[in-house]
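In what follows, a single structure is set out as structure tokens and then discussed.
The values are calculated or read from the model by the stated rules, or taken from the named source; none is laboratory data. None of the values given here were measured: they were computed from a predicted structure. Don't worry about glycine lacking a Cβ; one is built from the backbone with ideal geometry, like all the others, and counts go over all protein chains shown. Ligands, DNA and RNA are stripped out before the accessible areas are found, and what is left, the full protein with its side chains, is counted by its heavy atoms. Shrake-Rupley method; radii C 1.70, N 1.55, O 1.52, S 1.80 Å.
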Amino acid sequence: QVHMVESGGGLVQAGGSLRLSCAASGLTLSGYGMGWFRQAPGMDREFVAAISRSGDRTSYADSVKGRFTISRDNAKNTVYLQMNSLKPEDTAVYYCAVQIIGGVEGRPDNYGFWGQGTQVTVSS
């Protein structure tokens, strides 16, 4: 059974940083592209960042470009999201997921094995 666990969320002041982790069991992540998404209350789940299987290619939502960095350690079966210069509008539950359908990286429908999410709250 595949199990994804996000961690590293919390409460931080605007301008601060957090590092999210996504650890997997039951699935070898090196065979898949991975993505981070977020969902704020009353909003749709939105794409944040994606990384290729080997980690040599990344993509970001315009809203986080230059502030967030996605990375992976396939030896640890873990994906990370380094978030710097956080803003109140970054407040959301952050989820990692496995890209199980090729194509557009930003489409949530192309992803599966979602974790439970980790709450990120940025105060002004």
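Observations on the model:
- Applying the criteria of a DSSP loop state and at most 11 other Cβ atoms within 10 Å to the chymotrypsin sites (Phe, Trp or Tyr not before Pro) of the stretch 18-52 yields no site.
- Here the accessible area of the stretch 85-124 is 51 percent carbon and sulfur, with a 1.4 angstrom probe and all protein chains present.
- Separation between Cα centres of the stretch 1-54 and the stretch 109-124, rounded to whole Å: 6 Å
- Mean separation of Cα contacts under 8 Å (6+ apart) over length of the stretch 1-112, as relative contact order %: 31 percent
- Modelled this way, with points 7 Å down the Cα-to-C-beta line, the labels at SER63 and LEU11 are 2.3 nm from one another.
- Solvent-accessible area of the stretch 1-48 (1.4 angstrom probe, protein heavy atoms only): carbon and sulfur portion equals 48 percent.
- The packing ranking of peptides 66-78, 88-100, highest mean first, is 88-100, 66-78, where packing means the average number of other beta carbon atoms within 10 angstrom of each residue.
- Spin-label proximity, ALA40 to the stretch 4-22 - amide N less than 17 Å from point 7 Å beyond Cα toward beta carbon: 10-16
- Simple label model, 7 Å out from Cα along Cβ direction - ASN77 to ASP109, nm: 3.1 nm
- With protein chains left intact and a 1.4 Å probe, residues in the chain average 50 Å² of accessible area per residue.
- Principal axis box of the chain, alpha-carbon based, largest edge first, Å: 39, 28, 26
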